[in-house]
Protein chains: 2
Amino acid sequence: MLERLKTTKREGWRRFGINHGESISDHMYRMSIITMLCPPSLASRIDMNRCIKMALVHDMAELLVGDITPVDGVLKSEKSRRESTTMDFLCKDLLGNVGGGDAGAEIKRAWQEYEDSETLESNFVHDVDKMELILQMLEYEKSHEGRIDLGEFTHVANRIVLPEVKQWCDQALDDRKAYWESIGKTPTGYQNAEQGQDVEKKKMSDEYYSGQYANGNHKEQ
Amino acid sequence: MLERLKTTKREGWRRFGINHGESISDHMYRMSIITMLCPPSLASRIDMNRCIKMALVHDMAELLVGDITPVDGVLKSEKSRRESTTMDFLCKDLLGNVGGGDAGAEIKRAWQEYEDSETLESNFVHDVDKMELILQMLEYEKSHEGRIDLGEFTHVANRIVLPEVKQWCDQALDDRKAYWESIGKTPTGYQNAEQGQDVEKKKMSDEYYSGQYANGNHKEQ
């Protein structure tokens, strides 16, 4: 079953012709490492181990549900329902006998904490989800030597909640700006969160993330 | 940098024509989840959070060193030296300023605990490394519908140390046996650890894992 997490590619990048891009398990792996790199002022206030577990399981339901992105137009409530049912199937039916059921229960608990988005830890991991997207975007732009402009994705920076992560993200967007300047081009997307975003991107962002459509508060790509 | 962990494929499978196989980050991701599925009798005796961290970082050095496998003939001491230097570069030079240096130090600590292989937790994660290989082997054999026989890799089952993981692995090898029987074929490799292994595979295993060559006690593929 785990196999499917790595054979299912993240859909958002496919629209830009990046077909050999990251799998869902790549995405969760990267998030777990980014979580560990948490700024110290925040790290001292959170339970890092819970955050790492959330990062590792938060998209696990997608191995059966598929990677539903904002442009697919699936209602958020429906996406959430499908994923919750899937997690019950995984954690109770498939893993119910593994580790006396404890392992499945712990995975479902971490998934639910992320989904509920009520704790500081889960807020942080939601921010890391956005941060991972920004960092991945930058890596793709650099590896394509400026031939692909992924500025559309920069709008997620506006939705980062914790000031420590916002600052971290601004640094990354400053790096992006410097990279494009170094090759003599101007990319779309705003340069960092302080500078606001252009009108078209703002409209697109509002439509995607109004809370009506899937992924409103927990999935950026 | 993290990008390279997912673009670098695990070499062991490539020899069998599986070119779109798992990346190093896929492998570490799967190990982190398998770690969480630890049998309860063992789970109650170990620090699971340390195990998860070890699983996530143990092969991180490979993003720069490359995936050296037993057949490459690099001395274990040399592999270890290269990887340790790489981890220092990653954790001190690159991450020295991230999180006040704490994040890098914690990653190096987890990597070193795995490398030293002296704690119960690190022994467990070494066993999980072997368990992940066995499970991946089974998935590849099934997805190729019995056209590829990966029995060569079953020998790692003999090197699992903890009885709880050995038992888990025997179940997986029993599943393998049942799968091949269901398609009317007989695979190479032994069926489970209790039944011993055939002479040729034993010889191959001894050569690979004599301790002289790289990966003797910490890398199975």
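Results, tabulated for the structure shown:
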| read-out | value |
| --- | --- |
| When each of A:Lys76/B:Lys142; A:Lys142/B:Lys142; A:Lys79/A:Lys166; A:Lys166/B:Lys130; A:Lys142/B:Lys53 is checked by Cα-Cα distance, pairs over 32 Å | A:Lys76/B:Lys142; A:Lys142/B:Lys142; A:Lys166/B:Lys130 |
| Loop GluC sites (Glu not before Pro), the range A:70-154 (other Cβ atoms within 10 Å of the site Cβ: 11 or fewer; DSSP) | A:Glu118, A:Glu145 |
| Across the identical copies, how the B:Arg81 labels are spaced - nm, sorted shortest first, 7 Å along Cα→Cβ | 6.3 |
| Positive-pole candidate from B:Gln112, B:Val128, B:Thr85, dipole of the range B:80-159, charges at beta carbon | B:Thr85 |
| Cα-Cα separations in the range B:82-188 greater than 16 Å, expressed as whole percent | 66 percent |
| Across the identical copies, how the A:Asp116 labels are spaced - nm, sorted shortest first, 7 Å along Cα→Cβ | 3.8 |
| Across the identical copies, how the A:Asp102 labels are spaced - nm, sorted shortest first, 7 Å along Cα→Cβ | 2.8 |
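Each value in this text was obtained by applying a stated rule to the coordinates, not by laboratory testing. Bear in mind that the values here come from a model prediction, so they are computed numbers and not experimental data. Neighbour counts are summed over all protein chains in view; Cβ atoms, including those assigned to glycine, are modelled from backbone coordinates with ideal geometry.
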